[in-house]
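Notes follow once the structure below has been shown.
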Amino acid sequence: MAGGEAKIDALGQFKLATVLGPLGGSVNFTQANLFMVLGGLLVLALIHYGMKPRAVVPGRLQALAEMAYGFIDDMCHEQIGHEGRRFFPFVFTLFFFVLMGNLLGLLPYGFTYTSHIAVTFALAVMVIVIVTGVAIFTHGTTFFTEYFFPKGTPVALAPLVIPIEVISYLSRPVSLSIRLFANMVAGHVMFEVFATFVVMMAGAGLLGTIGAIGPMALNVALMGFELLVAFLQAYVFAILTCIYLHDAVHLH
Amino acid sequence: MRRFPALLASIPVAGLLLPSAALAQGMPQLAFGNPLTIAQVVWGGMIFLVLYLALSRWALPQVGAVLQARAASIADDLDAAHAAKAAADAAMAEMTEATRLARSEAQAAISAAVDKAKAEAAAEALATSRRLEARLAEAEAQIAQARNAAMAALRQVATDTTLAMVTKLTGTRPGKKSIDGAVGVALAARGQT
């Protein structure tokens, strides 16, 4: 969108397209999936090359890999308890899948697959299905009666308590997916809008060029903010998953 | 939800500025008629599964092993340090005990020596005092004997002296019988015999 013909197309960046030529086109392999693969490979490479020295006193890259491991490990232990060990690889994968989506999207020519509600909702549904599966596996069908109608609740309140618990349980995947999706979309829409301002104003003579510094500076500040949001939203996604898993294992 | 204010703020901006054509077009994320929207999820699921398997079977155990080895070596070092400290403490206690024993032994030896010396001194003093007493008694006996001898000689000396003095004074030699009587009277007057 260079030149005087610039117009604001804030949503075009989210458009999906197939990549890898006719092969990708024939199997509907989109740029979102390309970035998923890229993100996954980055995480694996970090651990592989980071842990190669297997040093007792870690170097920089090894310290980063160990920090990532320790961060998620601690989160699992603190939120779920000692049973958290079993879910550690899952939470680790989830956190870095989301984090890589958020971070790679901030690079030029990047694509934020976490800005697609279909992707985030699929992740959230996967979390809820796994959480429910863990709950049934741990407690059997008593999970439903104990979770949706906790012991000690007056029977008279059953018509009120059960629908509330069911609704709150079912709203989890919705809030989980929309939170991530909305955060990512909002940030990228704002990037695009301000960036288009810069191009439009720069095309409008000297005064416009000077005025374009404003939105440009805003975008720089926004980039720092978006980096924070990228980490924060991945963290929120992972920690909420841990909290749900804690509920599933311990019933509230 | 922290970003919701930002999202809400961006909506009016976008609403004012977006051409109506773009609005009508809608968000690509909501175009569920597009097969790519669902295709990316299917691919995404497969990629997530592969990533999960690679991480849980291959990558994460490497990190875990290194961390465990480190924790184990730290624990070993700590154990060794604790053992060394315990050994040092034991040696210290042993040394203190040995010092205490040696001190008490020395004390006992000193007091035994002192007692022995005191006993010897007492015995010696006793022997010395006995010897002195014996010599004292002997000396007293000698004195008494000398005194008796002197006393026995006193009448003779007095008689001879009287005889010599009276002879010198009077020029005549008095009778032995009268001098003896006079000396006996004088001696009796002085309590002597």
Check: Mind checking which residues of segment A:42-56 are hydrophobic (A, V, I, L, M, F, W, C), surrounded by fewer than 16 Cβ atoms within 10 Å (Cβ to Cβ) and within 9 Å of chain B (Cβ to nearest Cβ)?
Finding: A:A55, A:V56
Margin query: Condition first: within 14 Å of chain B (Cβ to nearest Cβ), free of Cβ contacts under 8 Å to residues at least 40 places away in the same chain and under 23 Å from B:L30 (Cα atoms). Now tell me which residues in segment A:168-217 satisfy that.
Written below: A:S171, A:S175, A:A182, A:A186, A:M190, A:F191
Item checked: Per-region count, segment A:80-100, residues at pLDDT 95 or above and more than 16 Å from B:L49 (Cα to Cα) -> 1
Margin query: Would you confirm, using the coordinates I've provided, whether A:H77 is assigned to a helix (DSSP H, G or I) and more than 12 Å from chain B (Cβ to nearest Cβ)?
Written below: yes
Note to self: Exactly one condition in (1) part of a helix (DSSP H, G or I); (2) more than 55 Å from the chain's Cα centre (by Cα); (3) surrounded by 10 or more Cβ atoms within 10 Å (Cβ to Cβ) is false for B:A119; which is it?
What the structure shows: (2)
Margin query: Kindly evaluate B:K177 against the criterion of being loosely packed, with under 10 Cβ neighbours inside 10 Å and of a type in the set (K, R).
Written below: yes
Notebook entry, point to check: So A:Q31 fits all but one of (1) touching a Pro at 6+ places or on another chain (Cβ under 8 Å); (2) at pLDDT 85 or above; what number is the exception?
Noted result: (1)
Check: Counting only residues that are at the interface with chain B (Cβ under 7 Å from one of its Cβ atoms), within 20 Å of the chain's Cα centre (by Cα) and farther than 18 Å from A:F92 by Cβ, how many does segment A:5-41 have?
Finding: 7
Item checked: Candidates B:A87, B:A81, B:A65, B:A98, filtered to the one that is within 14 Å of chain A (Cβ to nearest Cβ) and of a type outside the set (D, E, K, R) -> B:A65
Notebook entry, point to check: What residue, of B:S56, B:S73, is within 14 Å of chain A (Cβ to nearest Cβ), assigned to a helix (DSSP H, G or I), over 30 Å from A:V37 (Cα atoms) and among the hydroxyl-bearing types (S, T, Y)?
Noted result: B:S73
Next item on the list: Spot the failing condition for A:I243; the list is (1) surrounded by fewer than 21 Cβ atoms within 10 Å (Cβ to Cβ); (2) closer than 15 Å to A:A124 by Cα; (3) within 14 Å of chain B (Cβ to nearest Cβ); (4) within 17 Å of the chain's Cα centre (by Cα), and only one is missed.
Entry: (3)
Next item on the list: For segment A:153-169, indicate whether the set of residues that are modelled with pLDDT under 90, hydroxyl-bearing (S, T, Y) and either under 30 Å from A:F14 (Cβ atoms) or surrounded by fewer than 21 Cβ atoms within 10 Å (Cβ to Cβ) (or both) is non-empty.
Entry: yes
Item checked: Enumeration of residues in segment A:123-143 that are buried (at least 16 other Cβ atoms within 10 Å of the Cβ) and free of Cβ contacts under 8 Å to residues at least 40 places away in the same chain -> A:M126
Item checked: Criterion violated by A:V91 - all others in (1) more than 10 Å from chain B (Cβ to nearest Cβ); (2) surrounded by 22 or more Cβ atoms within 10 Å (Cβ to Cβ); (3) closer than 27 Å to A:L222 by Cα satisfied -> (3)
Check: Looking at segment A:107-116, which of the residues that are surrounded by 20 or more Cβ atoms within 10 Å (Cβ to Cβ) and either closer than 14 Å to B:A39 by Cα or of a type outside the set (S, T, Y) (or both) is farthest from the other protein chains (Cβ to nearest Cβ)?
Finding: A:F111
Next item on the list: Just name the residue that is farthest from the other protein chains (Cβ to nearest Cβ) out of those in segment A:57-67 that are assigned to a helix (DSSP H, G or I) and not acidic (D, E).
Entry: A:R60
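The values are calculated or read from the model by the stated rules, or taken from the named source; none is laboratory data. What you are looking at is a predicted structure, and each value in this text was computed from that prediction instead of being measured. Cβ coordinates were reconstructed from backbone atoms using ideal geometry, including for glycine residues, and neighbour counts include every protein chain displayed.
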